[in-house]
1. Could you please find all residues in segment 11-55 being over 39 Å from the mean Cα position of the chain (by Cα) and open to solvent by 100 Å² or more (accessible area, probe 1.4 Å)?
2. Considering only segment 77-116, state which residues are open to solvent by 30 Å² or more (accessible area, probe 1.4 Å), at pLDDT below 70 and in contact with a strand residue (DSSP E or B) (Cβ under 6 Å, 6 or more places away or on another chain).
3. Could you please let me know if Ile66 is at pLDDT below 90, under 19 Å from Asn140 (Cα atoms), out of contact with any helix residue (DSSP H, G or I) (no Cβ under 7 Å at 6 or more places or on another chain) and open to solvent by less than 50 Å² (accessible area, probe 1.4 Å)?
Amino acid sequence: MKAYLGALIVVAAAFIFWAFVMPSYDHISSAREAVAARDAELTQRTSLIDQINSWAQQYSQHSSDISRFSYIVPETKSSPELVSMLEAIVHQSGLTLNGIALGNIDPNNQAASYQTQGIDLTITGTYPAFRSFLSAIEQNIRIIDITSINAAPVGAESSDIQFRLKANTYFLTQ
């Protein structure tokens, strides 16, 4: 009987172990695996956040350069800003603005990262004022390439000259 009682206790202990302890052990093992996966994901996200913060810091360090570049080659075609800038340069140089025409976008330049816009400018004034105008265009932050200049006297008694310039300016492709 003692042998049966010992065997019964061993069987009961094995049953209790398999019924109560093993499921808890399996649950703890799967919980450890989930924690390890979450730790790996947390490490990856922390790395991404650190990288984003690094990029934000680099952007803030170069923001003045970026804003200066946006003046050199604007993101969009801004005709009013361009006309205003040219008008200001013409008047600062002591010339008279007779006419300004902005051309269409160059259709041959569709694959490039920038677009070209033509400018046709007619101004009147003296030769030294015109040289001052060219100097101001050259030193202006916005890129303007003058492609042709035509000059003709206004009249026989006048020292003024009428200049017609053709130029190109640029803006980024959207």
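The values are calculated or read from the model by the stated rules, or taken from the named source; none is laboratory data. What you are looking at is a predicted structure, and each value in this text was computed from that prediction instead of being measured. With ideal geometry, Cβ positions are generated from the backbone for all residues, glycine too; neighbour counts draw on all protein chains shown. Note: areas computed on protein heavy atoms with side chains; ligands, DNA, RNA excluded. Shrake-Rupley method; radii C 1.70, N 1.55, O 1.52, S 1.80 Å.
1. The answer is Phe15, Trp18, Phe20, Tyr25, His27, Arg32, Glu33.
2. Ile105, Asp106 - these are the residues of segment 77-116 that are open to solvent by 30 Å² or more (accessible area, probe 1.4 Å), at pLDDT below 70 and in contact with a strand residue (DSSP E or B) (Cβ under 6 Å, 6 or more places away or on another chain).
3. Working: at pLDDT below 90: yes; under 19 Å from Asn140 (Cα atoms): yes; out of contact with any helix residue (DSSP H, G or I) (no Cβ under 7 Å at 6 or more places or on another chain): yes; open to solvent by less than 50 Å² (accessible area, probe 1.4 Å): no.
Taking the combined requirement at face value, the residue does not satisfy it.
Quick grid of which residues meet (1) assigned to a loop (DSSP other than H, G, I, E, B); (2) hydroxyl-bearing (Ser, Thr, Tyr); (3) touching a Gly at 6+ places or on another chain (Cβ under 7 Å); (4) open to solvent by less than 50 Å² (accessible area, probe 1.4 Å):
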position: Ile123; (1), (2), (3), (4): no, no, no, yes
position: Arg131; (1), (2), (3), (4): no, no, no, no
position: Arg142; (1), (2), (3), (4): yes, no, no, yes
position: Ile146; (1), (2), (3), (4): no, no, no, no
position: Glu157; (1), (2), (3), (4): yes, no, no, no
position: Gln162; (1), (2), (3), (4): no, no, no, no
